[in-house]
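> Shown below is the structure under consideration.
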Amino acid sequence: MTWSIVAHEPATGAFAVAIATRAFAVGASCPYVRSGVGAVSTQSITNRYLGPAVLDLMAQGVEPAAAIERALATDEGRHLRQVHAVDARGRTAAWTGRHCVTWCGERTAPFVSVAGNMLAGPGVVGATFDTFAAGAALDLTERLMAAMEAGEAAGGDKRGRQSAAMLLTTTEDFPDLDLRVDDHAHPLPELRRLLELWRQQWPTRNAWSPSKVNPSGQTNLDVIEAAWQAQGLDLHFRR
(Lines give C-alpha, C1' and ligand atoms only; values in the text may rest on other atoms or scores of the structure.)
Protein backbone atom coordinates (compact mmCIF):
# COMPACT_ATOMS: atom_id res chain seq x y z
CA MET A 1 0.00 0.00 0.00
CA THR A 2 2.68 2.49 1.05
CA TRP A 3 6.30 2.87 1.97
CA SER A 4 8.02 5.76 3.67
CA ILE A 5 11.20 6.98 5.30
CA VAL A 6 11.42 9.11 8.44
CA ALA A 7 14.72 10.78 9.26
CA HIS A 8 16.47 13.23 11.57
CA GLU A 9 19.56 15.23 10.60
CA PRO A 10 21.27 16.42 13.80
CA ALA A 11 23.54 18.92 12.03
CA THR A 12 20.58 21.00 10.84
CA GLY A 13 17.96 19.88 13.34
CA ALA A 14 15.78 18.75 10.43
CA PHE A 15 13.05 16.14 10.72
CA ALA A 16 11.59 14.76 7.52
CA VAL A 17 9.27 12.19 5.96
CA ALA A 18 9.17 11.01 2.35
CA ILE A 19 6.40 8.67 1.24
CA ALA A 20 4.80 7.10 -1.85
CA THR A 21 1.77 4.91 -2.48
CA ARG A 22 -0.93 3.70 -4.88
CA ALA A 23 -3.59 5.80 -3.19
CA PHE A 24 -4.83 9.35 -3.52
CA ALA A 25 -3.15 12.25 -1.67
CA VAL A 26 -0.86 10.37 0.69
CA GLY A 27 0.63 13.66 1.92
CA ALA A 28 -2.71 14.64 3.45
CA SER A 29 -2.88 11.62 5.74
CA CYS A 30 0.40 9.96 6.63
CA PRO A 31 3.45 12.20 7.30
CA TYR A 32 3.84 14.32 10.45
CA VAL A 33 6.80 16.41 11.65
CA ARG A 34 7.33 18.79 14.54
CA SER A 35 10.37 21.02 15.00
CA GLY A 36 12.55 19.99 17.91
CA VAL A 37 10.49 16.84 18.48
CA GLY A 38 10.47 14.30 15.67
CA ALA A 39 8.93 12.79 12.56
CA VAL A 40 6.21 10.14 12.22
CA SER A 41 4.48 8.30 9.42
CA THR A 42 1.18 6.53 10.08
CA GLN A 43 0.05 4.23 7.27
CA SER A 44 -1.75 0.98 6.29
CA ILE A 45 -5.49 1.66 6.84
CA THR A 46 -4.25 4.96 8.21
CA ASN A 47 -5.29 6.32 11.58
CA ARG A 48 -4.37 10.01 11.33
CA TYR A 49 -4.75 10.53 15.08
CA LEU A 50 -1.63 8.43 15.66
CA GLY A 51 0.77 10.95 14.12
CA PRO A 52 -0.02 13.84 16.48
CA ALA A 53 -0.37 11.45 19.42
CA VAL A 54 3.12 10.02 18.92
CA LEU A 55 4.60 13.51 18.48
CA ASP A 56 2.89 14.73 21.66
CA LEU A 57 4.36 11.85 23.64
CA MET A 58 7.86 12.30 22.17
CA ALA A 59 7.65 16.01 23.05
CA GLN A 60 7.27 14.86 26.67
CA GLY A 61 10.47 12.82 26.37
CA VAL A 62 8.83 9.44 25.76
CA GLU A 63 11.02 7.31 23.48
CA PRO A 64 9.53 6.41 20.08
CA ALA A 65 8.85 2.73 20.85
CA ALA A 66 6.90 3.58 23.99
CA ALA A 67 5.19 6.53 22.29
CA ILE A 68 3.92 4.29 19.49
CA GLU A 69 2.81 1.62 21.93
CA ARG A 70 0.91 4.12 24.05
CA ALA A 71 -0.69 5.79 21.03
CA LEU A 72 -1.88 2.41 19.75
CA ALA A 73 -3.14 1.20 23.12
CA THR A 74 -6.66 2.53 22.63
CA ASP A 75 -6.82 1.82 18.88
CA GLU A 76 -8.91 -1.30 18.29
CA GLY A 77 -7.48 -1.39 14.77
CA ARG A 78 -3.86 -1.43 15.93
CA HIS A 79 -3.07 -4.57 13.96
CA LEU A 80 -4.19 -2.86 10.76
CA ARG A 81 -1.72 -0.03 11.34
CA GLN A 82 1.88 0.62 10.46
CA VAL A 83 3.60 3.45 12.32
CA HIS A 84 7.23 4.49 12.60
CA ALA A 85 9.01 7.44 14.15
CA VAL A 86 12.30 9.18 14.96
CA ASP A 87 12.89 11.60 17.83
CA ALA A 88 15.32 14.42 18.62
CA ARG A 89 17.86 11.99 20.06
CA GLY A 90 17.83 9.92 16.89
CA ARG A 91 15.94 7.07 18.52
CA THR A 92 13.69 5.17 16.11
CA ALA A 93 10.92 2.61 16.34
CA ALA A 94 8.39 0.96 14.07
CA TRP A 95 5.18 -1.04 14.45
CA THR A 96 3.75 -3.26 11.74
CA GLY A 97 0.41 -4.79 12.78
CA ARG A 98 -0.16 -8.47 12.14
CA HIS A 99 -2.99 -7.76 9.69
CA CYS A 100 -0.94 -5.47 7.41
CA VAL A 101 -0.86 -6.76 3.83
CA THR A 102 2.30 -8.51 2.69
CA TRP A 103 4.94 -7.76 1.86
CA CYS A 104 5.16 -5.59 4.95
CA GLY A 105 7.95 -4.75 7.34
CA GLU A 106 10.48 -2.19 8.46
CA ARG A 107 14.15 -1.47 8.95
CA THR A 108 15.41 0.96 11.56
CA ALA A 109 18.71 2.46 12.66
CA PRO A 110 19.68 5.56 14.63
CA PHE A 111 18.24 8.66 12.91
CA VAL A 112 16.36 6.77 10.18
CA SER A 113 13.50 4.30 9.73
CA VAL A 114 11.97 2.83 6.59
CA ALA A 115 8.65 0.96 6.67
CA GLY A 116 6.15 -0.26 4.13
CA ASN A 117 3.24 -2.55 3.42
CA MET A 118 1.59 -4.07 0.35
CA LEU A 119 4.98 -3.85 -1.34
CA ALA A 120 6.47 -5.83 -4.21
CA GLY A 121 8.89 -7.42 -1.73
CA PRO A 122 11.44 -6.78 1.02
CA GLY A 123 13.81 -5.27 -1.50
CA VAL A 124 11.72 -2.09 -1.54
CA VAL A 125 12.48 -1.30 2.10
CA GLY A 126 16.04 -2.59 1.72
CA ALA A 127 16.86 -0.46 -1.31
CA THR A 128 15.28 2.63 0.26
CA PHE A 129 17.22 2.17 3.48
CA ASP A 130 20.55 1.32 1.83
CA THR A 131 20.40 4.25 -0.59
CA PHE A 132 19.65 6.67 2.23
CA ALA A 133 22.49 5.23 4.32
CA ALA A 134 24.94 5.55 1.42
CA GLY A 135 24.08 9.22 0.81
CA ALA A 136 25.47 10.81 3.96
CA ALA A 137 27.31 13.46 1.93
CA LEU A 138 24.10 14.62 0.22
CA ASP A 139 21.59 17.27 1.21
CA LEU A 140 18.83 15.64 3.26
CA THR A 141 16.14 16.27 0.66
CA GLU A 142 18.29 14.60 -2.01
CA ARG A 143 19.01 11.64 0.28
CA LEU A 144 15.27 11.18 0.77
CA MET A 145 14.47 11.58 -2.91
CA ALA A 146 17.18 9.17 -4.03
CA ALA A 147 16.11 6.65 -1.39
CA MET A 148 12.49 6.70 -2.55
CA GLU A 149 13.55 6.38 -6.19
CA ALA A 150 15.61 3.32 -5.27
CA GLY A 151 12.60 1.81 -3.51
CA GLU A 152 10.48 2.40 -6.60
CA ALA A 153 13.13 0.79 -8.79
CA ALA A 154 12.99 -2.25 -6.48
CA GLY A 155 9.25 -2.61 -7.14
CA GLY A 156 7.53 -0.08 -4.88
CA ASP A 157 3.84 -0.52 -4.07
CA LYS A 158 2.77 -3.77 -5.74
CA ARG A 159 -0.55 -2.20 -6.84
CA GLY A 160 1.16 0.58 -8.82
CA ARG A 161 1.68 4.27 -8.09
CA GLN A 162 -0.47 7.37 -7.59
CA SER A 163 0.80 9.85 -5.00
CA ALA A 164 3.93 10.90 -3.12
CA ALA A 165 4.98 13.55 -0.64
CA MET A 166 7.93 15.04 1.20
CA LEU A 167 7.63 16.99 4.45
CA LEU A 168 10.55 18.63 6.30
CA THR A 169 10.91 21.01 9.22
CA THR A 170 13.91 22.60 10.96
CA THR A 171 13.48 25.42 13.46
CA GLU A 172 10.07 26.96 12.92
CA ASP A 173 6.55 26.00 13.97
CA PHE A 174 5.69 25.14 10.36
CA PRO A 175 7.47 23.12 7.65
CA ASP A 176 10.34 24.42 5.52
CA LEU A 177 9.16 22.05 2.81
CA ASP A 178 5.73 20.52 2.24
CA LEU A 179 5.48 19.01 -1.23
CA ARG A 180 2.61 16.82 -2.37
CA VAL A 181 1.85 14.99 -5.57
CA ASP A 182 -1.74 13.93 -4.98
CA ASP A 183 -2.67 12.15 -8.22
CA HIS A 184 -0.13 11.44 -10.94
CA ALA A 185 0.86 8.56 -13.20
CA HIS A 186 4.49 9.04 -12.13
CA PRO A 187 4.41 10.62 -8.68
CA LEU A 188 8.08 10.31 -7.73
CA PRO A 189 9.42 11.97 -10.90
CA GLU A 190 6.84 14.71 -10.35
CA LEU A 191 7.93 15.04 -6.73
CA ARG A 192 11.52 15.46 -7.91
CA ARG A 193 10.42 18.20 -10.31
CA LEU A 194 8.69 20.05 -7.47
CA LEU A 195 11.73 19.56 -5.26
CA GLU A 196 13.93 21.23 -7.87
CA LEU A 197 11.57 24.22 -7.98
CA TRP A 198 11.66 24.43 -4.18
CA ARG A 199 15.45 24.41 -4.21
CA GLN A 200 15.48 27.30 -6.67
CA GLN A 201 12.92 29.43 -4.86
CA TRP A 202 13.22 28.56 -1.18
CA PRO A 203 16.46 30.43 -0.32
CA THR A 204 14.98 33.82 -1.25
CA ARG A 205 11.61 33.09 0.32
CA ASN A 206 13.25 31.79 3.47
CA ALA A 207 15.42 34.89 3.78
CA TRP A 208 12.30 37.09 3.67
CA SER A 209 10.03 34.96 5.82
CA PRO A 210 9.10 35.79 9.42
CA SER A 211 10.87 33.49 11.85
CA LYS A 212 11.49 33.02 15.55
CA VAL A 213 14.72 35.01 15.20
CA ASN A 214 13.15 37.71 13.00
CA PRO A 215 9.38 37.74 13.70
CA SER A 216 8.57 40.31 10.99
CA GLY A 217 10.83 38.95 8.26
CA GLN A 218 12.04 41.18 5.43
CA THR A 219 10.08 44.45 5.31
CA ASN A 220 12.43 46.65 3.28
CA LEU A 221 10.51 47.34 0.08
CA ASP A 222 13.63 48.25 -1.88
CA VAL A 223 15.33 44.96 -1.01
CA ILE A 224 12.29 42.93 -2.03
CA GLU A 225 11.81 44.84 -5.29
CA ALA A 226 15.50 44.45 -6.15
CA ALA A 227 15.19 40.69 -5.71
CA TRP A 228 12.17 40.63 -8.00
CA GLN A 229 13.99 42.64 -10.63
CA ALA A 230 16.95 40.26 -10.43
CA GLN A 231 14.48 37.54 -11.41
CA GLY A 232 13.29 39.60 -14.38
CA LEU A 233 9.99 40.56 -12.73
CA ASP A 234 8.73 44.12 -13.22
CA LEU A 235 6.87 44.33 -9.91
CA HIS A 236 6.54 47.26 -7.54
CA PHE A 237 4.83 47.91 -4.23
CA ARG A 238 2.32 50.73 -3.92
CA ARG A 239 4.04 53.58 -2.08
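The values are calculated or read from the model by the stated rules, or taken from the named source; none is laboratory data. The structure displayed is predicted, hence computed values, not measured ones. Here the Cβ is made from the backbone with ideal geometry for all residues, glycine too, and neighbour counts use every protein chain on show. Calculation scope for accessible area: heavy atoms of the full protein, side chains included, ligands and nucleic acids excluded. Shrake-Rupley method; radii C 1.70, N 1.55, O 1.52, S 1.80 Å.
> Rounded to whole Å and sorted largest first, list the principal axis extents of the Cα atoms in the chain.
63, 40, 32
> May I pose another question? Across 10 Å bins from the origin, how do the percents of Cα pairs in the stretch 148-201 run, short distances first?
23, 48, 24, 5
> If you don't mind, another one. Could you put CYS104, CYS30 in order of accessible surface area, largest first, with the 1.4 Å probe and the full protein assembly present?
From most accessible down to least: CYS104, CYS30.
> Give the span of the stretch 111-177's Cα atoms along each principal axis, as three whole-Å numbers ordered largest to smallest.
Answer, in whole Å and largest first: 37, 26, 16 Å.
> At 1.4 Å probe size, what's the solvent-accessible area of HIS184? Round to the nearest 10 Å².
Number for this one is 70 Å².
> Given the stretch 117-239 reduced to its alpha-carbon atoms as identical point scatterers, what log10 I(q)/I(0) does the Debye formula return at q = 0.14, 0.17, 0.22, 0.23 Å⁻¹?
The calculated log intensity ratios at q = 0.14, 0.17, 0.22, 0.23 Å⁻¹ are -0.75, -0.95, -1.26, -1.32.
> Which GluC sites (Glu not before Pro) does the stretch 97-178 hold that lie in a coil by DSSP with at most 16 other beta carbons within 10 Å?
For GluC sites (Glu not before Pro) across the stretch 97-178 that sit outside H, G, I, E and B with at most 16 neighbouring Cβ atoms in 10 Å, the list reads GLU172.
> Of ALA67, ALA185, ALA85, which is the most mobile in a GNM of the chain whose springs link Cα atoms less than 10 angstrom apart?
ALA185
> Under 10 °C and 1.306 mPa s, how fast does the stretch 1-105 diffuse according to Stokes-Einstein, given a Kirkwood radius computed over C-alpha pairs? Answer in µm²/s, whole number.
Estimated via Stokes-Einstein, D reaches 118 µm²/s.
> Still on this structure, please answer the following. Among THR12, THR169, THR219, whose mean-square fluctuation peaks in a Gaussian network model of the chain (Cα, cutoff 10 Å)?
Among THR12, THR169, THR219, the largest mean-square fluctuation in the Gaussian network model of the chain belongs to THR219.
> To the nearest whole percent, what portion of all C-alpha pairs in the stretch 173-239 is separated by more than 21 angstrom?
For the stretch 173-239, the share of Cα pairs beyond 21 Å comes to 44 percent.
> Rounded to a whole number of µm²/s, how large is the Stokes-Einstein D of the stretch 56-125 at 4 °C and 1.567 mPa s, given Rh as the Kirkwood radius over C-alpha pairs?
104 µm²/s
> Counting heavy atoms of the protein chains only and a 1.4 Å probe, report the per residue accessible area for the stretch 18-107 as a whole number of Å².
44 Å²
> Roughly what angle does helix 187-208 make with the longest principal axis of the chain, taking Cα atoms, 0 to 90 degrees, to the nearest 10?
40 degrees
> Please turn the phi angles of the stretch 31-47 into ³J(HN,Hα) values with the Karplus equation 6.51 cos²θ - 1.76 cosθ + 1.60 (θ = phi - 60°), one per residue in order, whole Hz, x for glycine and proline.
Coupling constants for the stretch 31-47: x, 9, 9, 8, 4, x, 10, x, 9, 9, 10, 10, 8, 6, 6, 4, 10 Hz.
> Here is a follow-up. If you fit an axis through the alpha-carbon atoms of helix 122-134 and take the longest principal axis of the Cα set of the chain, what angle between them do you get, 0 to 90°, nearest 10?
Computed tilt is about 40 degrees.
> If you don't mind, there's one more thing I want to ask. Bins of 10 Å, beginning at zero and ending with the bin holding the largest distance: percent of Cα pairs per bin for the stretch 24-85, please.
Once binned at 10 Å, the Cα pair distances of the stretch 24-85 give 25, 57, 17, 1.
> Between the helical axis of 221-230 and the dominant principal axis of the chain, each derived from Cα atoms, what acute angle in degrees is found, rounded to the nearest 10?
80 degrees
> Would you work out what percent of the accessible area of the stretch 142-239, with all protein chains in place, is carbon or sulfur (probe 1.4 Å)?
52 percent
> With θ set to phi - 60°, apply the Karplus curve 6.51 cos²θ - 1.76 cosθ + 1.60 along the stretch 169-182 and write out the HN-Hα couplings as whole Hz, x wherever there is a Gly or Pro.
The phi angles translate into 9, 10, 10, 8, 8, 8, x, 6, 9, 8, 10, 9, 10, 7 Hz.
> Within the stretch 1-102, which trypsin sites (Lys or Arg not before Pro) sit in a loop by DSSP and count at most 12 neighbouring Cβ atoms inside 10 Å?
Qualifying residues, ordered by number: ARG48, ARG98.
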